[in-house]
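The structure under discussion appears below in the form of structure tokens.
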Amino acid sequence: MKQSGNTILITGGGSGIGRALAHRFHDAGNTVIVAGRRREALEETIAGRDNMHAIELDVESAGGVADFARRLLADHPAVNVLINNAGIMRFEKLDEPRDLADAEATIATNLAGPIRLIDALIDHLVQTADAAIINVTSGLAFVPLLATPTYNATKAAIHSYTVALREALAGKVEVIELAPPAVQTGLTPGQETRPGYQPLDEFADEVMALFAQQPTPPEILVERVKFLRNAEAEGRFDATLRQLNDFATKTREAEAR
């Protein structure tokens, strides 16, 4: 992926990882479009920055995604990079019947949303020079957090989808997976300052250094996520599963006190 001169669309660009990467890609000399549900948050992301734009998008709506794609390409026909970053993470209990609204919303946003947006833009991207699709997954795609089962499942699905997409688009569109570890963002309550999570700026700086490698790695993996990404290949999946979830349980108990 080239480092500058792109027109980049980032979903979920109003906060967290999306906002941090939007600023860094913009600083690197790219035009950046941030998309998301909350107009106010998007405006905060682009404030004071030329060649940054905001468009509202609800990835849960199939019709909304199609309409968004039409508006995007009409206003920004040079877009050549799509970063599917929008996502939600909900805590769920599996040992009792429950309202499945959280699970269904997670699937709609984290899985159906990126698939719909890729589909809406694929004709354009395959005809555009230096095109790239970057799907943001998670270290939890590889070792699950027991309290967020549907989130883990959607990220595992997008990992698999990205592998297939990379092969299907070989020679046409570069396909990259970005798998973050636990990062200090507002994804869940209290996460922005949670001990043991990677500071957002540190994560974003490390990500940009990896993107600067030539050729760009097919998987962007900061050092902290390799503990999860490589657990199964290194024969320590069961131990990592226990370690991850013991840490998460202790952290939640400490925050509840």
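Values in this text are rule-based calculations from the coordinates and carry no lab data. Small disclaimer: the values here were computed from a predicted structure and weren't measured. So basically every Cβ, Gly included, is an ideal-geometry build from the backbone, and we count neighbours across all protein chains shown.
A few remarks follow.
- Size of segment 7-128 as Cα extents on the principal axes (Å, biggest first): 51, 31, 20
- Within the chain, helix-based [θ] at 222 nm, where runs of 4 or more DSSP H residues each add -39,500 (n - 2.57), nearest 500: -13500 deg cm²/dmol
- Mean separation of Cα contacts under 8 Å (6+ apart) over length of segment 7-256, as relative contact order %: 17
- Ratio of Rg to Rh for segment 179-257: 1.02 [Cα atoms; Kirkwood radius as inverse mean 1/r over pairs].
- Spatial separation of Cα centroids for segment 112-145 and segment 55-83, in angstrom: 13
- Calculated FRET value between Asp246 and Leu100, using beta carbons and R₀ = 30 Å, to 0.05: 0.65
- Ordering Thr11, Ser61, Asn110 by the projection of their Cα atoms onto the charge dipole of segment 1-117, which places +1 on the Cβ of Lys and Arg and -1 on the Cβ of Asp and Glu, puts Thr11 at the extreme positive end.
- Along the axis of the charge dipole computed for segment 118-257 (Cβ charges of +1 for Lys and Arg, -1 for Asp and Glu, origin at the Cα centre), the listed residues Pro195, Ile176, Thr137 are led at the positive end by Pro195.
- For segment 136-196, the equivalent ellipsoid built from the Cα gyration tensor has semi-axes of 27, 13, 8 Å, listed from largest to smallest.
- Counting lysine pairs in segment 7-256 whose alpha carbons fall under 27 angstrom apart, excluding pairs fewer than 8 residues apart on the same chain, gives 6.
- Per-residue HN-Hα couplings for segment 99-112 [Karplus 6.51, -1.76, 1.60; θ = phi - 60°; Hz; x = Gly/Pro]: 5, 8, 4, 5, 5, 5, 5, 5, 5, 5, 7, 7, 10, 5
- Summarising the overall dimensions of segment 7-256 from its C-alpha atoms, the Rg and Dmax are 17.7, 52 angstrom.
- Spacing of the two label points (7 Å from each Cα toward its C-beta) at Lys226 and Asp119, in nm: 3.8
- Only Lys, Arg (+1) and Asp, Glu (-1) charged, at Cβ; segment 7-256 dipole about Cα centre in debye: 120
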